[in-house]
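**Q** A single structure is presented below for examination.
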Amino acid sequence: MDIFNMTDEELVKYIKEVRSKLKGDLIIPAHHYINRDIVELADFSGDSYKLAVDVSRSKAPFVVLCGVRFMAESAAILAAEGQHILIPEIDALCPMAEMIDANVASLALEKIQSITAKEPAPVVYMNSYADSKSLCGKRGGSVCTSSNAEKIVRKYIDEGKPVFFFPDFHLGNNVAHNLGIKDELIVKVYRDISFEEGKNLREAQIFLWDGFCPIHQQWHAEDVHKAREIYKDAKIIVHPESQKEVVLLSDISGSTQKIYETIKNSSPGSSWIIGTEFTFVDRIKHTFKDKNIYPLLESPCSNMKKITLLNTALAVQSVENFIDGKGELLNEITVSEELKKYSKVALEKMIEIVEGS
Ligand code: SF4
């Protein structure tokens, strides 16, 4: 089968045929930010947490996960015994997840502990690798998503623990603001593990790593003002990885899943300016044709764009060949048992905090 010479239509047909031949043994989930032609053929789509949970519930032995590497890794952490998680393009990385690792996070925790004289609680955003999640599990911390970060952070603050939030500065800063934490008690931690000056370090309640999403960090207050000026009747909804000034000027902020549900449930004819990844905004525009959808800026994630019909078909073909005993799986993502164990502890902590509140 010469996949390299297939048209897009032929690739879609091929992927669907192999999947139906394998009768439930192969599933193809796709993140919301992946190209529309792939999301349309996917078994299900969602944000990174939803994908990981839905994959583990599916029990399908082969999963071609169309997303960036940390998403496949998160699915591998929660995968059932015998499940193989593949990613179509191994170099589809998330720059934000790359901005810290467990060694650096450990050093930051030590420094926070020595300066506050309290045991800090590490809280890591889902957009991170297994070593970071595992560190949180080992140190009594938790994973969080953009929709539950506030609850998780509040829990540790109420216990009197300073929180080390990483890797996304903006999500942490928005959460701290919503929780009413005083500005002098919110401290940025720079890449050389130095602290922001002019803050009350000893009493600080939250330390925020200097990481960011290059897509969501792009928009500024003037973009919001300009969009309001052009689309006067539109509401503005943005992702909380956006800068605080942007979130404060918007009508609603929420996770990718929340943005999707909000638009889906809005009245026909309503108008929305959306501040998140552009491929997703464009798909929403095509899906909900009865609403007026405008992007805050046209900013696609270049790493999500690396997942194509061609490399998805190649991953699917490798599953077909592997089952027939004719080859290896392409780009299988695995996580060591040690990392899996403590990452799961941090994920379970998140569920415990969210469900217990
Ligand atoms: S949109 Fe941002 S956070 Fe999401 S994968 Fe791309 S760079 Fe990472």
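The values are calculated or read from the model by the stated rules, or taken from the named source; none is laboratory data. Computed from a predicted model, the values in this text were never measured in an experiment. FYI the Cβ positions are ideal-geometry reconstructions off the backbone, even for glycines, and counts take in every protein chain you see. Surface areas here come from the heavy atoms of the whole protein model, side chains and all, with no ligands, DNA or RNA. Shrake-Rupley method; radii C 1.70, N 1.55, O 1.52, S 1.80 Å.
**Q** Of the numbered conditions (1) surrounded by 20 or more Cβ atoms within 10 Å (Cβ to Cβ); (2) modelled with pLDDT under 95, Cys213 fails exactly one; give the number of that condition.
**A** Result: Cys213 fails condition (2) only.
For (1) out of contact with any strand residue (DSSP E or B) (no Cβ under 6 Å at 6 or more places or on another chain); (2) outside any loop (DSSP other than H, G, I, E, B), each residue gets a yes or a no:
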{"site": "Glu150", "(1), (2)": "yes, yes"}
{"site": "Val153", "(1), (2)": "no, yes"}
{"site": "Phe165", "(1), (2)": "no, yes"}
{"site": "Gly172", "(1), (2)": "no, yes"}
{"site": "Ala176", "(1), (2)": "no, yes"}
{"site": "Gly180", "(1), (2)": "yes, no"}
{"site": "Ile193", "(1), (2)": "yes, no"}
{"site": "Glu203", "(1), (2)": "yes, no"}
{"site": "Phe207", "(1), (2)": "no, yes"}
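**Q** Also, I was wondering about something else. Would you check if there is a residue in region 84-97 being more than 16 Å from the ligand (Cβ to nearest atom), crowded, with 20+ Cβ neighbours inside 10 Å and not in a strand (DSSP E or B)? Full working, then the answer.
**A** Of all residues in region 84-97, those more than 16 Å from the ligand (Cβ to nearest atom) come to 84-86.
From the residues that got through so far, the ones that are crowded, with 20+ Cβ neighbours inside 10 Å too are 85-86.
Right, trim to not in a strand (DSSP E or B) and you get none.
Checked region 84-97: no residue is more than 16 Å from the ligand (Cβ to nearest atom), crowded, with 20+ Cβ neighbours inside 10 Å and not in a strand (DSSP E or B).
**Q** Additional query: Can you tell me which of (1) within 16 Å of the ligand (Cβ to nearest atom); (2) part of a strand (DSSP E or B); (3) under 16 Å from Leu51 (Cβ atoms) is the one Ser128 doesn't meet?
**A** (2)
**Q** Which condition breaks for Val224 when tested against (1) in contact (Cβ under 8 Å) with a residue 12 or more places away in the chain; (2) open to solvent by 50 Å² or more (accessible area, probe 1.4 Å)?
**A** Answer for Val224: the failing condition is (2).
**Q** Looking at the structure I just gave you, is Lys161 open to solvent by 50 Å² or more (accessible area, probe 1.4 Å) and touching a strand residue (DSSP E or B) at 6+ places or on another chain (Cβ under 9 Å)? Spell out the reasoning first.
**A** Working: open to solvent by 50 Å² or more (accessible area, probe 1.4 Å): yes; touching a strand residue (DSSP E or B) at 6+ places or on another chain (Cβ under 9 Å): yes.
Answer is yes for this residue.
**Q** Do we find that Asn174 is at pLDDT 95 or above and within 16 Å of the ligand (Cβ to nearest atom) in this structure?
**A** On the way: at pLDDT 95 or above: yes; within 16 Å of the ligand (Cβ to nearest atom): yes.
Yes, satisfied.
**Q** Of the residues that sit in region 4-40 and are closer than 12 Å to Val64 by Cβ and part of a helix (DSSP H, G or I), which one is farthest from the ligand (Cβ to nearest atom)? Before the answer, list the steps.
**A** So the first thing to find is which residues in region 4-40 are closer than 12 Å to Val64 by Cβ, and the list is 15, 18-19, 22, 25-30, 34, 38.
Restricting the remaining residues to those that are part of a helix (DSSP H, G or I) gives 15, 18-19, 38.
On the way: Ile15: 23, Val18: 27, Arg19: 25, Ile38: 15 Å.
Residue satisfying both the conditions and the ranking: Val18.
**Q** For residues in region 302-343 being part of a helix (DSSP H, G or I) and either within 16 Å of the ligand (Cβ to nearest atom) or open to solvent by 70 Å² or more (accessible area, probe 1.4 Å) (or both), which is nearest to Pro29 (Cα to Cα)? Before the answer, list the steps.
**A** Within region 302-343, the first condition is being part of a helix (DSSP H, G or I), and the residues that meet it are 304-306, 309-323, 337-343.
Narrowing further to those that are either within 16 Å of the ligand (Cβ to nearest atom) or open to solvent by 70 Å² or more (accessible area, probe 1.4 Å) (or both): 304-306, 322-323, 337-338, 341.
Details: Met304: 14, Lys305: 15, Lys306: 16, Phe322: 20, Ile323: 20, Glu337: 24, Glu338: 26, Lys341: 24 Å.
The extreme case among them is Met304.
**Q** Output the residues belonging to region 284-301 that are more than 12 Å from the ligand (Cβ to nearest atom) and open to solvent by 20 Å² or more (accessible area, probe 1.4 Å). Let's see the steps before the verdict.
**A** Pass one, region 284-301, residues more than 12 Å from the ligand (Cβ to nearest atom): 284-298.
Within region 284-301, Lys285, His286, Thr287, Phe288, Lys289, Asp290, Asn292, Tyr294, Pro295, Leu297, Glu298 meet the criteria.
**Q** So which residues in region 231-256 are part of a strand (DSSP E or B) and buried (at least 18 other Cβ atoms within 10 Å of the Cβ)? Reasoning before the result, please.
**A** Kept after step one, since they are part of a strand (DSSP E or B), are these residues of region 231-256: 235-238, 252-253.
Ile236, Ile237, Val238, Ser253 - these are the residues of region 231-256 that are part of a strand (DSSP E or B) and buried (at least 18 other Cβ atoms within 10 Å of the Cβ).
**Q** Turning to a different aspect of this structure: Hey, could you check region 257-278 for residues that are among the β-branched types (Val, Ile, Thr) and crowded, with 23+ Cβ neighbours inside 10 Å and say which is nearest to Tyr49 (Cα to Cα)?
**A** Pass one, region 257-278, residues among the β-branched types (Val, Ile, Thr): 259, 262-263, 273-274, 276.
Remaining after also requiring crowded, with 23+ Cβ neighbours inside 10 Å: 259, 273-274, 276.
On the way: Ile259: 15, Ile273: 25, Ile274: 21, Thr276: 17 Å.
So the residue we want is Ile259.
**Q** In this structure, is Glu81 out of contact with any helix residue (DSSP H, G or I) (no Cβ under 9 Å at 6 or more places or on another chain), more than 16 Å from the ligand (Cβ to nearest atom) and in a loop (DSSP other than H, G, I, E, B)?
**A** Yes, satisfied.
**Q** Against the definition (without any contact (Cβ under 8 Å) to a residue 24 or more places away in the chain and not in a helix (DSSP H, G or I)), how does Glu298 come out, yes or no? Outline the logic, then answer.
**A** Numbers: without any contact (Cβ under 8 Å) to a residue 24 or more places away in the chain: yes; not in a helix (DSSP H, G or I): yes.
Taking the combined requirement at face value, the residue satisfies it.
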